[in-house]
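Structure, as structure tokens:
Bear in mind these aren't lab numbers, they're just calculated from the coordinates by the rules spelled out. All figures in this text were calculated on a predicted structure; none of them were measured in a lab. Don't worry about glycine lacking a Cβ; one is built from the backbone with ideal geometry, like all the others, and counts go over all protein chains shown.
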Ligand code: HEC
């Protein structure tokens with residue numbers, strides 16, 4: 001595992017200048033600042049894993065007593081991607097290596113334009129990110145949310161995000177049971 005991480009970590013180190021200047025990274029490994037804040041990833045070109053419409057995590061976290069109202073909200077369109085080298089390793093081993101990054105990008109739904117009952121993903125509203133780093137995070141993964149325009153984010157407490165993933169997700173806190181775009185182990 002250590003050797004497998006060496007190349008991505010080297011690439012990330014070489015690209016630190018760029019990442020720091022733009023406050024985004026699209027390197028192979030997650031990039032944290034000195035305060036342990038995750039810098040916003042740029043998943044352009046990363047493999048597609050899943051797309052869905054609905055409340056997702058945000059509506060499922062409806063405040064007590066407002067669960068029914070939350071169900072009525074159609075919710076955003078969201079697209080899940082992951083860093084390419086981690087996907088390669090997952091396909092070989094069937095497990096997610098240290099340094100795996102998932103991004104879930106939320107878009108507004110747009111229904112104008114062409115005829116027919118179609119919906120489009122339009123403007124990006126937020127991005128949620130999961131990073132596997134067992135040295136940094138108690139239960140193996142750190143979870144983050146970037147509102148539109150935010151460039152850094154602090155990890156959420158386990159109870160806020162990962163608890164639901166641990167209880168319901170099929171593989172190491174990841175909802176692999178829902179991801180038709182995730183290739184199977186070779
Ligand atoms: C009540 C359950 C629940 C909570 C709480 C929750 N999630 Fe999730 N999360 C899900 C489900 C279900 C999916 C499957 C993808 C989808 O909704 O399309 C998911 C998928 C994800 C993914 C994609 C990769 C993966 O792990 O499968 C990320 C990243 C993510 N959530 C981040 C977060 C963050 C950040 C929080 C806290 C702010 C959070 N989640 C809280 C249920 C939850």
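In terms of surrounding Cβ atoms within a 10 Å radius of their Cβ, 139, 132 rank from fewest to most as 139, 132. Taking 0.36 nm per residue of separation and subtracting the Cα-Cα distance, full extension of the segment from residue 167 to residue 53 would add 38.8 nm. Each residue in 33, 76 was given a count of other beta-carbon atoms within 10 angstrom of its own, and listing them fewest first yields 33, 76.
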